[in-house]
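Peer 1: The structure's right below; bear with me while I get my questions together.
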Amino acid sequence: MRYVFPLKDIPSDRLSFAGGKAKSLSHMMNNTKLHIPEGYVILADAFENGKLRSDAAEEIVAVSMSLNGRYTYAVRSSAVNEDGDKASFAGQYETITDVAADDVIDAVKHVADSIGSARVKGYEESFSREDMGIGIVIQRFVRPQFAGVIFTSDAITGKDEKIIGNYVKGEGEQLVSGSSNAEIFTINAIKGTYEGNPELKSFGRKLWKASLSIRHLYGMPMDIEWAVSDGKLYILQARPITTLQRLDMDSYDINGTRSGYKLLTRTNVGEIFMKPVSPMTFSVLEMINGFLALPDWLDNICGQPYMNISVMCSAFVAFGKSEEKAFDAIKDLVGNIPEGTSVPISPFDKKGFMKQMKTLFFPKEKTKLTKKEKLEMVRDMPDLCRRTIEEIHKIEDNGHLLALWENRLIPDIKNCFASILGTCGTSMVPLFSSRNKITKIAGSDMANRLLGGSLGVIDCMKPLLLLEDVIEGRITKEEYIRSCGQRSVNEMELMAPRPYEDPAFPDSVIEEHKNSGTDLHKMLEKQQGLFDEALAEFKSLYPSKSRWIDKEISRFAHANSFREDIRSKGVWLFSAFREFILQAGKINCLGDDIFFLTFNELFDLLNGNTSSTGFIPERKKTYDKYLEYPSFPNLILGRFDPDEWTGDPARRSDCYIADMETKDTDLSFDVNGFPGAAGIVTGKVRVITSPDDIDQLEKGDILVTVATNIGWTLAFPKVSAIITDIGAPLSHAAIVAREFGIPAVVGCGNATTVLKTGDVIEVDGSKGTVTKLG
């Protein structure tokens, strides 16, 4: 077995023994064009009981004899628990610099002995970290003119508009060890402008580019050691900033606000995920972020998903939009933000994003499906998923389950995604443009009237409308299950059961709907009539726009129908994957505990590696704690402490801004939001924050809730109006309410805080206002 490797050529199956420093250097050498001094790593398993193995010693002698005598070398530790995301161990182990080639072996022994020093032991104890072995890096020594450290973000606040650095003249060890005072400098993270001692200014641009390159590579705030020698900038090491740790997957401790100063919202995403997500679902969402090259776009706080407004706006700014226009471009998707609040903009990896988009839309392994076959694939996706589920249920061992994944499911998933992308094109654009176009011509009131009742029957309405078809005998129960059996409140949570899994489905919901006495088709017909009136009025006022408005409405209706159709079929894909996971849990005697593994750990398990199952008890404990938290604020800016917020009796549920006092005592008692669906209604409030309590609704109540999704649709016929904290014109509540003619105001932020059950209010869905009457 080999124990010594060139830093650039550490085999993947031996990386775990290389230690933090060597792994990081190797990663940068293979994925950047930065200047990094060449060298070797002695792996941690070269040592046994603190002693060097004899065969490893022979390798080290051979390497030392091959070293160039014209250079000197730096010998540094690369402990397995060093330079990680939990503890850096910076300056704790011995480092020996400027070592002659002949003295390298003695230097290696000296560094290896440092693992038992009192300094290291004390650091380990303070972080509850145990000795996990030590690798050693032998690297060509760079004799520096300047040496220092840069932080890509502020290590305290997480703000990253400025890169913060310090340096000394000469070797950087005196800076790390604290033996010398340092010069401080900053670099504007977006523009690259340098502020600090002029002697380093000529290297400011290189430091800026290097720091962004490393940040983008790791996808997190980084602490970087560097040196300038003979006019070149060298990178000596890079590690995560431990105070900005977003995630500890071992325990499933996740808080996205710890990793940077950013603006997060639950609008739209809060409708999809109404409860904390399981580790398995979280890991899939993380894969989506990587798939789209949008770091932390789907962020998370204690299991509750958020959408990262900052990363979206940063992407638009990177492509040339102003900050104001960047937010305007996504406003319908993310909702409003408090007046005076600006969206933090961070450096964005434009090149990496474009590379990923090219891979996404023009993959090397292109699907062999024709255009016709792609259309058929999208059409038949639910049937494909149901056949796959039947096949999964027949498998009784890991080998065959893994083979099914590799030989059938991966090709099918790739073909499904290729087919969706191939049929999508620009069809989604009207979702974001039609409202603005009509508003510019005829005003917002006319836009609201025209966009309500124009969609016909779309998938998110079928759980309601098809119930009446079952009752009237137009379709069978089996047909209803095939169409709607996958749709539920927590349909994107892999751990959540689907309605089709319940033998009592759909009889229970049919009986409930019969008792409601509502005729949904009549409600739909009435709204269609109001739309026809609005369309006729528009054409009489703007006759030259008659053909244009027909096309625009048609495009808008198609965009909504396509979005909901793909969403419904995507839930079948998720359901098939859920069945795959469940079968793995059954085969490996884990049951539902399988959902406390990650996606990658699932496949490690199928390949015989059971080590990750040891994390399950701690993750379950963490997840149970997450379930006890209330819904966090719709909008969060800056670092957020869930326990501190939960314990504050004056907390606000609409927004939390770290740099401001946002107490309930400051909360406006005006409830305003987006016009969701036109109409004016007066009635009594019923505040319901969980779909489990829907049965509390009485006929004619005004539903006030955090958000709604398809799982709430069955409650809509009971209510006279809908008000939500979370939402925007494209949210579920707005779309379905418009089509059924139920007045709605969405995205209020503070409705569930200000309004109480029993309050008498007036809801104006056209203006987006709520007035308290008593």
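The values are calculated or read from the model by the stated rules, or taken from the named source; none is laboratory data. For clarity, every value in this text was computed on a predicted model and none was experimentally measured. Positions of Cβ are backbone-derived with ideal geometry, glycine not excepted, and every protein chain shown enters the neighbour counts. With ligands, DNA and RNA removed, areas are computed over all heavy atoms of the protein, side chains included. Shrake-Rupley method; radii C 1.70, N 1.55, O 1.52, S 1.80 Å.
Peer 1: Just for the chain, what percent of DSSP beta bridges are antiparallel, to the closest 5?
Peer 2: Within the chain, antiparallel bridges account for around 85 percent of the total.
Peer 1: Could I ask something else about it? Whole-Hz Karplus ³J(HN,Hα) for segment 360-367, in order, using 6.51 cos²θ - 1.76 cosθ + 1.60 and θ = phi - 60°, x for Gly and Pro?
Peer 2: 5, 8, 10, x, 5, 8, 6, 5
Peer 1: Right, next: Quick one: if the Förster radius is 30 Å, what FRET efficiency do Ile475 and Glu376 give, using the C-beta to C-beta distance and rounding to 0.05?
Peer 2: The calculated FRET efficiency here is 0.85.
Peer 1: Here's something else I'd like to know. Report, to the nearest whole %, how much of the accessible area of segment 364-490 belongs to carbon and sulfur atoms, 1.4 Å probe, protein only.
Peer 2: 54
Peer 1: Do the sum for the chain: with -39,500 (n - 2.57) for every DSSP H run of n ≥ 4, divided by all residues, what is the mean residue ellipticity at 222 nm, to the nearest 500 deg cm²/dmol?
Peer 2: Only helices count here, giving -12500 deg cm²/dmol.
Peer 1: Based on alpha-carbon atoms only, what is the radius of gyration of segment 682-760 relative to the globular estimate 2.2 N^0.38 Å?
Peer 2: 0.94
Peer 1: Now for a different question. So how long is each side of segment 201-276 along the principal axes, counting just the alpha-carbon atoms, biggest first, in Å?
Peer 2: Cα spread of segment 201-276 along its principal axes, largest to smallest: 57, 27, 17 Å.
Peer 1: Give me the percent of the accessible area of segment 669-774 that comes from carbon and sulfur atoms, probe 1.4 Å, all protein chains in place.
Peer 2: Carbon with sulfur: 49 percent of the solvent-accessible area.
Peer 1: May I ask for the equivalent-ellipsoid semi-axes of segment 228-381, computed as the square root of five times each C-alpha gyration tensor eigenvalue and listed largest first in whole Å?
Peer 2: Whole-Å semi-axes of the equivalent ellipsoid: 28, 24, 20.
Peer 1: Each residue of segment 227-235 in order: what ³J(HN,Hα) in whole Hz does its phi give by Karplus 6.51 cos²θ - 1.76 cosθ + 1.60, θ = phi - 60°, with x for Gly and Pro?
Peer 2: 8, 10, 9, 6, x, 10, 9, 10, 9
Peer 1: With every protein chain left in place, what is the accessible area of Phe615 in Å² (1.4 Å probe, nearest 10)?
Peer 2: 70
Peer 1: Between Asp592 and Glu644, what length comes free when the chain is fully extended (0.36 nm per residue of separation minus the Cα-Cα distance, one decimal in nm)?
Peer 2: Details: separation 52, 0.36 × 52 = 18.72 nm, distance 3.16 nm.
Taking 0.36 nm per residue and subtracting the Cα distance, the gain is 15.6 nm.
Peer 1: Can you tell me the mean projection area, over all orientations, of the convex hull of segment 587-683's alpha carbons? Units nm², please. Walk me through the intermediate numbers first.
Peer 2: On the way: hull surface 45.2 nm².
The orientation-averaged projected area of the Cα hull of segment 587-683 comes to 11.3 nm².
Peer 1: Treating cross-link reach as a plain straight distance, find the aspartates and glutamates whose alpha-carbon is under 15 Å from the alpha-carbon of Lys159, omitting any fewer than eight places away in the same chain.
Peer 2: Asp223, Asp659
Peer 1: In debye, nearest 20: dipole of the chain around its Cα centre with unit charges on the Cβ of K, R (+) and D, E (-)?
Peer 2: Its charge dipole is roughly 2900 debye.
Peer 1: Right, here's the next one. Which percent of the accessible area of segment 232-322 is formed by carbon and sulfur heavy atoms (probe 1.4 angstrom)?
Peer 2: Details: 1490 of 2280 Å².
Carbon with sulfur: 65 percent of the solvent-accessible area.
Peer 1: Return the inverse of the average 1/r over all pairs of distinct C-alpha atoms in segment 374-468, which is the Kirkwood hydrodynamic radius, in Å to one decimal.
Peer 2: 17.2
Peer 1: Could I ask something else about it? Roughly how large, in nm² to one decimal, is the mean projection of the convex hull of the alpha-carbon atoms in segment 475-584?
Peer 2: Average of the hull's projected areas for segment 475-584 equals 9.3 nm².
Peer 1: Lysines within cross-link reach of Lys394: Cα-Cα under 18 Å, excluding same-chain residues under 8 positions apart?
Peer 2: Lys586
Peer 1: Could you name the lysines in cross-link range of Lys545, using Cα to Cα under 26 Å and dropping any fewer than eight places away on the same chain?
Peer 2: Straight-line reach from Lys545, under 26 Å: Lys437, Lys440, Lys526, Lys767.
Peer 1: Let me have the relative contact order for segment 554-633, percent, based on Cα pairs under 8 Å that are six or more residues apart. Display every interim value, and only then the final one.
Peer 2: On the way: 24 pairs, mean separation 13.8, N = 80.
It comes to 17 percent, rounded to a whole number.
Peer 1: Could you run the Karplus curve 6.51 cos²θ - 1.76 cosθ + 1.60 with θ = phi - 60° over segment 723-729 and give me ³J(HN,Hα) per residue in whole Hz, x for Gly and Pro?
Peer 2: Per-residue couplings from phi come out as 10, 10, 6, 9, x, 7, x Hz.
Peer 1: For the pair Glu501 and Met660, how long in nm is the line joining their label points, each one 7 Å along Cα→Cβ?
Peer 2: The answer from the label model is 4.3 nm.
Peer 1: Rolling a 1.4 Å sphere over the protein heavy atoms, what is the accessible area per residue of the chain, to the nearest Å²?
Peer 2: I get 44 Å² per residue for the chain.
Peer 1: Now for a separate question. Roughly how large, in nm² to one decimal, is the mean projection of the convex hull of the alpha-carbon atoms in segment 521-627?
Peer 2: Details: hull surface 47.2 nm².
Mean orientational projected area (segment 521-627, Cα hull): 11.8 nm².
Peer 1: Report the dimensions of segment 312-357 along its three principal axes from the alpha-carbon atoms, largest first, rounded to Å.
Peer 2: Largest to smallest, the principal-axis extents are 35, 18, 13 Å.
Peer 1: Among 504-513, 720-729, 101-110, 448-457, how do they line up by average Cβ neighbours within 10 Å per residue, starting with the highest?
Peer 2: Answer by packing, highest mean first, reads 720-729, 448-457, 101-110, 504-513.
Peer 1: Pairs of alpha-carbon atoms within less than 8 angstrom and 6+ residues apart define the contacts here; what relative contact order does segment 711-754 have, in percent? Each step should come with its number before you reach the end.
Peer 2: Details: 57 pairs, mean separation 19.0, N = 44.
With pairs under 8 Å counted, the relative contact order is 43 percent.
Peer 1: Sort the following peptides by mean Cβ neighbour count (other Cβ atoms within 10 Å, averaged over residues), highest first: 520-526, 541-547, 432-438.
Peer 2: Listed from highest to lowest mean packing, they are 432-438, 520-526, 541-547.
Peer 1: For Trp297, enumerate residues with amide H under 5 Å from its amide H, sequence gap 5+ or separate chain, H modeled in the peptide plane.
Peer 2: HN-HN under 5 Å from Trp297: empty list.
Peer 1: I would also like to ask the following. Find the relative contact order for segment 687-771 and round it to a whole percent, using C-alpha pairs within less than 8 Å whose residues are 6+ positions apart. All intermediate terms of the calculation are to be shown ahead of the outcome.
Peer 2: Details: 151 pairs, mean separation 21.3, N = 85.
It comes to 25 percent, rounded to a whole number.
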